[in-house]
Amino acid sequence: MTSSTNPPKLTHLDREGRARMVDVSDKPVTRRRARARSIVQLSAQADRLLKEGGLPKGNPLEVVRLAALQAAKQTPQWIPLCHPLHLTAIDVVVTPGEDHRWEIVVEVGAEDRTGVEMEAMTGASAGALALYDMVKAVDRAASVQEVVLLEKSGGKSGEYRREGSR
């Protein structure tokens with residue numbers, strides 16, 4: 001626990017408060033893994049059409065998976081201070097949930113010097129946006145409900161698991 005007199009150090013800021021990319025060259029290469037989730041809320045009509053394959057833009061679930069994969073690989077282009085990483089695996093699972101909510105879970109793996117949390121979260125975000133794009137013709141009120149890190153492993157900070165995540 002950090003006391004109020006010693007706030008945590010923000011590693012992406014230099015002493016003058018300017019943004020910088022952290023030097024990770026002295027960190028060891030380790031196996032890294034992260035899972036993130038996004039939730040997209042649909043109308044009953046959009047949910048039904050998605051489940052029945054009746055949306056006007058074709059196969060939306062494959063588009064969602066590809067968008068998530070592509071975004072995870074391109075995270076340093078989206079998030080300015082992220083390092084380019086040697087990703088070794090990306091898995092995207094899209095599943096329907098209760099009350100017309102769709103879950104997009106992205107799991108990313110790498111053997112590198114820094115974590116893959118941002119890659120997983122960027123992939124989950126892009127997947128959610130792609131799903132919105134695929135349903136907006138029938139559901140302009142669709143919304144991204146959340147984007148969260150579910151778990152991560154590897155590196156100096158060790159393991160993290162969001163309470164209640166499976």
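Values quoted throughout were computed directly from the atomic coordinates according to the rules given, and no laboratory measurement underlies them. Just so it is clear, the model here is predicted, and its values are computed rather than measured. With ideal geometry, Cβ positions are generated from the backbone for all residues, glycine too; neighbour counts draw on all protein chains shown.
Below are the figures for this structure:
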{"read-out": "The range 10-83 and the range 109-166: distance between their alpha carbon centers, rounded to Å", "value": "6 Å"}
{"read-out": "Extension gain, Val93 back to Glu62 (0.36 nm per residue minus Cα-Cα distance, nm)", "value": "10.1 nm"}
{"read-out": "Among 108-118, 70-80, 18-28, the order from most to least packed when residues are scored by Cβ within 10 Å on average", "value": "108-118, 70-80, 18-28"}
{"read-out": "Among Leu150, Ser43, Ile79 the positive-end extreme of the charge dipole of the chain (Cβ point charges)", "value": "Ile79"}
{"read-out": "Cβ-placed point charges (K, R +1; D, E -1), dipole of the range 103-164 about Cα centre in debye, nearest 20", "value": "160 debye"}
{"read-out": "Computed label-point distance, nm, for sites Glu111 and Ala44 using a 7 Å Cα→Cβ extension", "value": "5.3 nm"}
{"read-out": "Highest-first arrangement of 91-101, 132-142, where packing means the average Cβ count within 10 Å", "value": "132-142, 91-101"}
{"read-out": "Student exercise, the chain dipole from Lys, Arg, Asp, Glu Cβ charges, in Debye to nearest 20", "value": "260 debye"}
{"read-out": "Overall form of the range 75-139 per C-alpha gyration tensor (a/c, 1.5; a/b vs b/c)", "value": "prolate"}
{"read-out": "Non-local Lys pairs in the chain, i.e. 8 or more apart or on different chains, that have alpha carbons under 19 Å apart", "value": "7"}
{"read-out": "Cα gyration tensor category, rounded, prolate or oblate, for the range 50-113 with a/c compared to 1.5", "value": "prolate"}
{"read-out": "Quarter of Cα convex hull surface for the chain, i.e. mean projection, nm²", "value": "11.7 nm²"}
